[in-house]
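Taking it in order: structure first as structure tokens, then the write-up.
Every number here is computed from the coordinates shown, using simple stated rules; none is lab data. Keep in mind it's a predicted model, so treat the numbers as computed, not measured. When we count neighbours, we look across all protein chains shown, and the Cβ atoms used for this are built from the backbone with ideal geometry, even at glycine.
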Amino acid sequence: MAYDRFVAICRPLHYGTLLGSRACVKMAAAAWGSGFLCAVLHTANTFSLPLCRSNMLGQFFCQMPQILKLSCTGSYLRKSGAIVVTACLGFGCYIFIVVSYVQIFRAVLRIPSEQGRHKAFSMCLPHLAVVSLFVSTVIFAQLKPLSISQPSLDLLLAVLYSVVPPTVNPLIYSFRNEELKNARRRLIQWVYCQQQ
């Protein structure tokens, strides 16, 4: 999405050639491939662990740090290896997104009209906010010290990075739709009239 915004704002005349079907297939394959690699790494790591404690997790889904707590062997190297590979893939994607947005913001700040700058920023900032929420909560959840590890904090962080971004994405992007803006205005006016 960051690259799509970058091409739309910084290279609008080349949009059709830069983001053709071949480029979209390559980007989708890279995203799916890196996701599959992380999933295989974590799954293989999980199935190779000898578990000796209770099989009850304090989560609503199996999360790697929670499963590592159930292991009876020292899992420092396993956890470190999985985190390093996942962090490299995730950090590479995040750097790509940040570089794209730096280029976008440089181009947007050169737009002479206030309305044009506002429209460009309103397209980019929601995506950057959702990505930053996801990345920051994942990093904190995976790298927080064990001394502050509490089941309620772990659950809150898991919900923040696994449920909130996919839920918020459609809401944020639908607010730019004119029909939804008008419906929201009518709803606010109706609520305001009902209160008086």
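What is the sum of charges, Lys and Arg at +1 and Asp and Glu at -1, for the other residues whose Cβ falls under 15 Å from the Cβ of Val7?
Value of the local net charge: +4.
Going 7 Å from the Cα of Arg11 along its beta-carbon direction, which residues of segment 92-110 have the amide nitrogen within less than 14 Å of the resulting point?
Only 100-101, 103-104 fall inside the zone, counting backbone N under 14 Å.
Per 0.36 nm of contour for each residue apart, how much would the distance between Val98 and Lys144 grow if the chain were fully extended, relative to their Cα-Cα spacing?
That pair, Val98 and Lys144, stretches by 14.2 nm at full extension.
I want to check the label-to-label distance for Thr43 and Gln115. Put each point 7 Å from Cα in the C-beta direction and report it in nm to one decimal.
Simple spin-label model gives 5.2 nm for this pair.
Using label points projected 7 Å from each Cα along Cα→Cβ, tell me how many nm separate Ala129 and Arg185, to one decimal.
2.1 nm
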